[in-house]
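J.: If you scroll down you'll find the structure; I have some questions about it.
Every read-out reported here was derived from the displayed coordinates using simple, explicitly stated rules and does not represent laboratory data. Just so it is clear, the model here is predicted, and its values are computed rather than measured. Because the Cβ atoms are built from the backbone with ideal geometry, glycine has one as well, and the counts that use them run over all protein chains shown.
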Amino acid sequence: MVYTVSHFEIRARDTAVLEKFYTEVLGFQVTDRGQLPGRGELVFMSHSPEEHHQIVLIPSDAAAKSGSGIGHVAFRVDTLDEVRSVYQRVRQLAYAKPEPVSHGNTWSCYFRDPEGNRIEIFTQTPWHTTQPCRFDVDYEAGDAALKQATLGTAQELPGFTTTEEWQQNFRPRFADTPAE
């Protein structure tokens, strides 16, 4: 059985502020709206016409002061340039507190939305390291310098290999999983 991430419900103190952030900063499209009796308007958003919603904002008085209790919501993008683009946008926002990092197997940017929920935008590197792994990277560096710096750090870490080799070693584990 394969589980694919479908959507996240984010409890919001101010759905209008979060809607603006997710549409203007991360490019989500509002796909639907609906009233939750006694609570307010739900806002559904997606990046894909194949998914009615990938995020739903739900009004909540119980939303914590520093975020909704979600550890983080992660979005995969196709290229390093896309990670850089988001990094450039969020570093202009005082509340975002961007963290440009690598996990050896990804180039990531963590940041906060206006209500303190933590978000990760990432793309894969061609390498794998044993997790957890996290080190700072410089998205101001050119591609060649960033890739060399990431490789230089990653190859010194436990479990370093290529992503392709790691996937080949990992695939047989799925063959032993009974089908539903």
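J.: Taking the Cα atoms only, what angle lies between the long axis of helix 143-154 and the longest principal axis of the chain, rounded to 10 degrees?
T.: 70 degrees
J.: A follow-up question, please. Set Lys and Arg Cβ to +1 and Asp and Glu Cβ to -1, take the dipole of the chain about its Cα centre, and tell me which of G104, P172, W127 lies farthest positive.
T.: G104
J.: Whats the longest run of the chain with zero trypsin sites (Lys or Arg not before Pro) that are DSSP loop and have at most 11 other Cβ atoms within 10 Å?
T.: Longest stretch, sites excluded: 66-180.
J.: Could you state the number of Å between the C-alpha centres of the range 133-163 and the range 100-123?
T.: Comparing the Cα centres of the range 100-123 and the range 133-163, I get a distance of 16 Å.
J.: Same structure again: Working out 0.36 nm times the residue gap between R171 and L151, then minus their Cα-Cα distance, what length gain in nm do you get to one decimal?
T.: Difference between extended and current length: 4.8 nm.
J.: E82 to D61: extension gain in nm, 0.36 nm per residue of separation minus the Cα-Cα distance?
T.: On the way: separation 21, 0.36 × 21 = 7.56 nm, distance 3.41 nm.
Here the answer is 4.1 nm.
J.: Compute the acute angle (0 to 90°) between the alpha-carbon long axis of helix 80-90 and the principal axis of greatest extent of the alpha-carbon atoms of the chain; round to the nearest 10°.
T.: For 80-90 against the chain, the angle is about 40 degrees.
J.: Rounded to the nearest 20 debye, what is the charge dipole size of the chain about its Cα centre when +1 sits on each Lys and Arg Cβ and -1 on each Asp and Glu Cβ? Walk me through the numbers on the way to the answer.
T.: Working: 17 positive and 25 negative charges, 96 e Å.
Using Cβ point charges on Lys, Arg, Asp and Glu, the chain gives about 460 debye.
J.: So how far apart, in nm, are the two label points at A144 and V30 if each is 7 Å from Cα heading toward Cβ?
T.: It works out to 4.7 nm between the two label points.
J.: On to the next question. Semi-axes of the equivalent ellipsoid of the range 7-61: what are they in whole Å, largest first, if each equals the square root of 5 times a C-alpha gyration tensor eigenvalue? Can you show the working numbers first?
T.: On the way: eigenvalues 64, 31, 14 Å².
Semi-axes, largest first: 18, 13, 8 Å.
J.: What percent do you get for the relative contact order of the range 7-61 when only Cα pairs under 8 Å and 6+ apart count? Could the numbers behind the result be given before it?
T.: On the way: 101 pairs, mean separation 24.1, N = 55.
This gives 44 percent for the range 7-61.
J.: Still on this model: Run the numbers on the chain and let me know its relative contact order in percent, using alpha-carbon pairs under 8 Å that are six or more apart. Could you put the intermediate results ahead of the total?
T.: Values: 319 pairs, mean separation 31.0, N = 180.
Reported as a whole number, the value is 17 percent.
J.: Relative to the longest principal axis of the chain, what angle (0 to 90°, nearest 10) does the C-alpha long axis of helix 15-24 take?
T.: Tilt of helix 15-24: around 40 degrees.
J.: Comparing V17, V86, V137, which has the greatest mean-square fluctuation in the GNM of the chain with Cα pairs linked when under 10 Å apart?
T.: V17
J.: Is there a quick way to get the dipole size of the range 7-61? I mean about its Cα centre, with the Cβ of Lys and Arg at +1 and of Asp and Glu at -1; what is the value in debye to the nearest 20?
T.: On the way: 5 positive and 9 negative charges, 34 e Å.
In total the dipole reaches around 160 debye.
J.: Based on DSSP, what percent of beta bridges with both residues in the range 7-61 are antiparallel, to the nearest 5? Before the final figure, lay out the partial values.
T.: Values: 10 of 15 bridges.
Of all bridge pairs located within the range 7-61, approximately 65 percent are antiparallel.
J.: Across the chain, what fraction of all alpha-carbon pairs, as a whole percent, falls in each successive 10 Å bin from zero upward?
T.: So the P(r) values, bin by bin, are 9, 31, 31, 22, 8, 0.
J.: Show that you can apply the helix-only estimate: for the chain, add -39,500 (n - 2.57) for every DSSP H stretch of four or more residues, divide by all residues, and state [θ] at 222 nm to the nearest 500.
T.: On the way: 5 runs with 45 residues, N = 180.
Value at 222 nm, helices only: -7000 deg cm²/dmol.
J.: What does the net charge come to around T106 if you take all other residues with beta carbon closer than 12 Å to its beta carbon, with K and R at +1 and D and E at -1?
T.: Working: positive: R76, R134; negative: E120.
Result for the local shell: +1.
J.: Follow-up question, since we're still on this one. Only sites in a loop by DSSP and with at most 11 other Cβ atoms within 10 Å count here; which GluC sites (Glu not before Pro) in the range 95-142 make the cut?
T.: On the way: sites: E115, E120, E140; in loops: E115, E140.
Qualifying residues, ordered by number: E140.
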